[in-house]
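Asker: Mind looking over this structure? Questions follow.
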Amino acid sequence: MKSSSTELSPYSLRRRRRQRTHFLVTGALIVGAIVVALLDVSLGHEVYGLNDIFAALNGSAPGGTAFSIMQLRMPRALVAMICGAGFGIAGYSFQTLLGNVLASPDIIGITAGANVAAVASITVFGLSGTALFGVAVGGGLVTACAVIALSWRNGLLGTRFVLVGIGVASLLNAVTSWLMIRADQWDVQTATRWLTGSLADASWSDVAPAGISVAVGYLCLATMAHTLDVLRLGTYTATGLGVRVNRARIVIVVVSVIMLSIVTATTGPIAFVSFLSGPIAARLLGNHRPSIAASGAIGSIIVVLADIIAQHLASGHVPVGVMTSLVGGPVLVILVAGVLRKGV
Amino acid sequence: MGKHSTRTTALIISAVVLLLSVCLWSLVIGSREVSLDEVLRALTDPAASGTAVESIRLRIPRTTLGLLVGLALACAGVLMQAVTRNPLADPTILGLNSGASCAIVISMAFAGLTRPSQYVWVALIGGGIGAVLVWWIGSMGRGGTSPLKLTLAGAVLGSMFSSLTSAILLPRIDVISSYRFWAVGGLSGARFATILPLLPLFAAGMILAVFSLPGLNALALGDDLAVGLGSSLRRTRFIAWSAAVILCAASTSLAGPIGFVGLVIPHVARLITGPDVRKVFAVSALLGPLLLVSADVIGRFITRPSDVEVGIVTAILGAPVFVALVRVGGKGSRSSAERRTHAHSVTEVQP
Amino acid sequence: MPKRSAETVRLKTEKVHLGYGDFPIIEGLDLQIPQGKIGAIVGPNGCGKSTLLKALARLLPVQSGSILLDGQAISSLPTRSVAKIVGILPQSPSTPESISVEELVARGRHPHHGMFGGWDHTDDTAVEEALRLTGLSDLATRAVDTLSGGQRQRAWIALSLAQHTDILLLDEPTTYLDMTYQLEVLDLLAELNISRGTTILMVLHDLNLASRYADWILALKDGGAAAVGSPSQVITEDFVRSVFRLDSRVTRDPDTGTPVVTPLAQHSLAALRAKADGAA
């Protein structure tokens, strides 16, 4: 059947071309994310050039420059990049796993769990810093476990998982509102800031846990990319193709939840990044290619760009989450309209 | 058949009795304990005075508001579930509450509106927009609307509106204070002065709702059959939807967004009366106020002398019921297209 | 050259009980699926045809008894290994939106890859061949959800073909298709059996199609096998009456020689009108 000549069939040519495009676009997005992050570092009260940045990294920059770059801007840009990637990747895996572009982890409970834990810590227990971080992560994880447990029926069924998640989220959000009422004026401000997602307190100590979790999360999910693709064909077809469906779903959910909880606890929930990264990446890559890396890159770009705008164009103290909210809402509707028109 | 209707009658009578007693309790419980005699005296003797009587007099509007809001939300829930043929529909889930909330916040922040009679109009617009957006997004793609898609669309829009709300609120400390109390959904601070102007809206909503009921029974059979039976789909939907939006906007302006009442009460009512939408509506009109006033009383009782807002209590009570409904329901993702053609075989849709 | 193996059996059931909770559907069924032949499962609604097929494909667990592939319990074998031997086309499979035909068919190569992907020229060949056999080469770049019902079904069959399995199970592959497409799909399956020697087992509703296209028929009723054998052996008037509660006439198709079931004359507009006229 296979001719011995090296001439490739039309199908083969198309497939290779698709793969090439995929690599190129993903590569371009990753480069774009780095470029935008560098831009974030360089812009500010003092505008630094690339040589300043390299000098600071080398240790050969003057004190003021080095401090500004290494202690203030670099950690902020890194946290923005890493957390953006985390939000994007988690969003993509949930949307693909549950087969629905609207099924972002934001609304199916995990974020609500982290929120209520964080607000409780701030307003009731007066926690901050690492303790706050830990509790918020715990909140996300516990909620995810609860939603999985409540929706389990011989396995993880997409529809039930989503609906139970929404129910649990409503409950937790109500508790959050109640806590906000009980809180005193000062705490309310802090809590509200946490709830909108902010990079103002980003520091080097945030980079490590977020960086590790996103890196590990990405590696796990990248190895499961093809499985994720097959899972979209439905439980029976996927099983017929040799996928251990329940095990795969659990692994994907657990990895995504851990990554998302850590990232949410680092910056607070930054609205819409999880939602939009996957669909935007799919549009750029032409659908149905595993686009985990691309989703992550887009998430990074969104958060870093929003941060740049929030810091420099707006009055300067606008949390990044506000920026993504203001722009993200309408963009979401437009995007979802376009994506959904093709069928969900 | 006879036994069935006797049981139903008994249940309804018990519900009425419960409602009356809960209302009485509502007058008794609070930051200041009063006795039943003092309540009766306050109710019957207009010349009565004293701190106890004052407390009671404050609770009367609160109880009344609870009755009104419970009525409105439960009936709106019945309407929405019927129009969308979605057992999981409720004003919160379908975007009315988030739209209304966001509109109210905008008006609080930028137009300085402070009284419910003012921002009820804003709430109406916001609620309407929210509902339209949710319906639009949820009906995209193959298969028209399905319970899952509508719920997701509602959750998406809810999240979007709430981020927008946070974004607007952040620099406005003044608005945050008034907003956060409103946002949790509560009956405290109820005054007849604020309630009365909105009574016509409640009435209008209920009248429209009752008009739409016969058409809704036909709708339940599916679009094709309903048209075949001579029902005007568009008119019924429009009337029912408008009634729901009006009732929700009125409730939300007075009491903030309260969830789960519209979701859960229709199901309980249906368990008692069966699927006839008119009966479900009537029973829901009874159970809704019962739930809401009870939730308020529980909220006040548990944390005497302060209280837990009614919106929290309904969420805490309602979320588990919602989850239970989802677990029992099963094929919540069946699309309206599938349901229309779901005639013969038990085609097992792949999970 | 198609490799006709001797009359071996790779997939079989032994006293298998299937059901949902307390609800038994199949009880104590012994079934051997002959290699290299086309089999059809028939029976009235709700008799468990789909349940049996799913269990054979290890999609459903057995309550007792066993389903054996090459002598081992199918549930104990690694699912990827099973996927290289048994392919399944479920009822109404869900197609992700805008996926192209060739991308869908390419998914069929999944069992042959390790964790890190690893696509090579054998995969390319398999996909191309699958597209060619199903006549979809010209439609390869079209989105599956823009195709007609018959074409879409062929695309899913192409996915199973690309999987390169020895055994292919199909759950109602022709239901919801109109007559032309039904025959298109069945012709394709027959060609597959002839050229590759693939063992095929499918659930069919239409007895006449089953007679035309199957080597052997299994009829299920009341949780067990009502009849097993060649179409001529199984499809008789007594059979139709006992399994489907239908009085019929079974004749031989003049061209193919296979049995044809025709309901009795009384079940027709002409007969009912005549009766009404007679009574008046």
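Asker: Within the bounds of the range C:113-133, is there any residue that is in contact with a Lys or Arg (Cβ under 7 Å, 6 or more places away or on another chain), more than 7 Å from every other protein chain (Cβ to nearest Cβ), within 19 Å of A:Leu241 (Cα to Cα) and touching a residue at least 60 places away in the same chain (Cβ under 8 Å)?
Answerer: The answer is no, given that none of the residues of the range C:113-133 is in contact with a Lys or Arg (Cβ under 7 Å, 6 or more places away or on another chain), more than 7 Å from every other protein chain (Cβ to nearest Cβ), within 19 Å of A:Leu241 (Cα to Cα) and touching a residue at least 60 places away in the same chain (Cβ under 8 Å).
Asker: Also, I was wondering about something else. Tell me which residues, restricted to the range A:28-70, are of a type outside the set (A, V, I, L, M), open to solvent by 30 Å² or more (accessible area, probe 1.4 Å) and assigned to a helix (DSSP H, G or I).
Answerer: Of everything in the range A:28-70, those that are of a type outside the set (A, V, I, L, M), open to solvent by 30 Å² or more (accessible area, probe 1.4 Å) and assigned to a helix (DSSP H, G or I) turn out to be A:Asn51, A:Asp52, A:Phe54, A:Asn58, A:Gly63, A:Gly64, A:Phe67.
Asker: Got a sec? Which of A:Val175, A:Val207, A:Val162 is open to solvent by less than 10 Å² (accessible area, probe 1.4 Å), part of a helix (DSSP H, G or I) and touching a residue at least 24 places away in the same chain (Cβ under 8 Å)?
Answerer: The unique qualifying residue is A:Val162.
Asker: What single numbered condition from (1) in contact with a helix residue (DSSP H, G or I) (Cβ under 8 Å, 6 or more places away or on another chain); (2) part of a helix (DSSP H, G or I); (3) not acidic (Asp, Glu) fails to hold for B:Pro87?
Answerer: (2)
Asker: If you don't mind, there's one more thing I want to ask. Confirm whether B:Leu164 is in a helix (DSSP H, G or I), touching a Cys at 6+ places or on another chain (Cβ under 7 Å) and open to solvent by 20 Å² or more (accessible area, probe 1.4 Å).
Answerer: When the stated conditions are applied, B:Leu164 passes them.
Asker: Which of the following residues is modelled with pLDDT under 90 and in contact with a Pro (Cβ under 9 Å, 6 or more places away or on another chain): A:Ala225, A:Ala174?
Answerer: After applying the criteria, what remains is A:Ala225.
Asker: Are there any helices (runs of 4 or more DSSP H) wholly within the range A:214-281 with 1 or more residues that are surrounded by fewer than 21 Cβ atoms within 10 Å (Cβ to Cβ) and β-branched (Val, Ile, Thr), and if so which?
Answerer: Values: elements: A:225-231, A:235-240, A:245-267.
Hits in the range A:214-281: A:245-267.
Asker: Every residue in the range C:83-102 that is more than 7 Å from chain A (Cβ to nearest Cβ) and within 20 Å of C:Val127 (Cβ to Cβ), please.
Answerer: C:Lys84, C:Ile85, C:Val86, C:Leu89, C:Thr95, C:Ser100, C:Val101
Asker: Let me ask another. Would you pick out the residues in the range B:162-184 that are more than 8 Å from chain A (Cβ to nearest Cβ) and not hydroxyl-bearing (Ser, Thr, Tyr)?
Answerer: B:Ile168, B:Pro171, B:Arg172, B:Asp174, B:Val175, B:Trp182
Asker: Quick check on the range A:100-119: of everything there that is aliphatic (A, V, I, L, M) and in contact with a Pro (Cβ under 8 Å, 6 or more places away or on another chain), which residue is least open to solvent (accessible area, probe 1.4 Å)?
Answerer: A:Ala114
Residues are listed down the side, and each one gets a yes or a no for (1) assigned to a loop (DSSP other than H, G, I, E, B); (2) modelled with pLDDT of 95 or more; (3) open to solvent by 20 Å² or more (accessible area, probe 1.4 Å); (4) farther than 10 Å from C:Val42 by Cβ:
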position	(1), (2), (3), (4)
C:Leu192	no, no, no, yes
C:Ser195	no, no, yes, yes
C:Leu201	no, yes, no, yes
C:His205	yes, no, yes, no
C:Asn208	no, no, yes, yes
C:Leu220	no, no, no, no
C:Ala226	no, no, yes, no
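Asker: Could you say whether any residue in the range A:13-24 is within 30 Å of C:His121 (Cβ to Cβ) and more than 14 Å from chain C (Cβ to nearest Cβ)?
Answerer: Yes, the conditions are met somewhere in the range A:13-24.
Asker: Among the residues of the range A:79-99, what is the count of those that are open to solvent by 10 Å² or more (accessible area, probe 1.4 Å) and within 14 Å of chain B (Cβ to nearest Cβ)?
Answerer: Looking only at that region, the number is 4.
Asker: Among the residues of the range A:165-198, which ones are among the hydrophobic types (A, V, I, L, M, F, W, C), more than 8 Å from chain B (Cβ to nearest Cβ), more than 22 Å from B:Phe260 (Cα to Cα) and in contact with a Gly (Cβ under 9 Å, 6 or more places away or on another chain)?
Answerer: Matches in the range A:165-198: A:Trp194 only.
Asker: Same structure, new question: What are the residues in the range A:225-271 that are under 13 Å from the mean Cα position of the chain (by Cα) and either free of Cβ contacts under 8 Å to residues at least 24 places away in the same chain or within 11 Å of another protein chain (Cβ to nearest Cβ) (or both), if any?
Answerer: A:Gly268, A:Pro269, A:Ile270, A:Ala271
The values are calculated or read from the model by the stated rules, or taken from the named source; none is laboratory data. What you are looking at is a predicted structure, and each value in this text was computed from that prediction instead of being measured. Positions of Cβ are generated from backbone atoms using ideal geometry, with glycine treated the same way; all protein chains shown enter the neighbour counts. Just the protein is used for accessible areas: all its heavy atoms, side chains included, with ligands, DNA and RNA removed. Shrake-Rupley method; radii C 1.70, N 1.55, O 1.52, S 1.80 Å.
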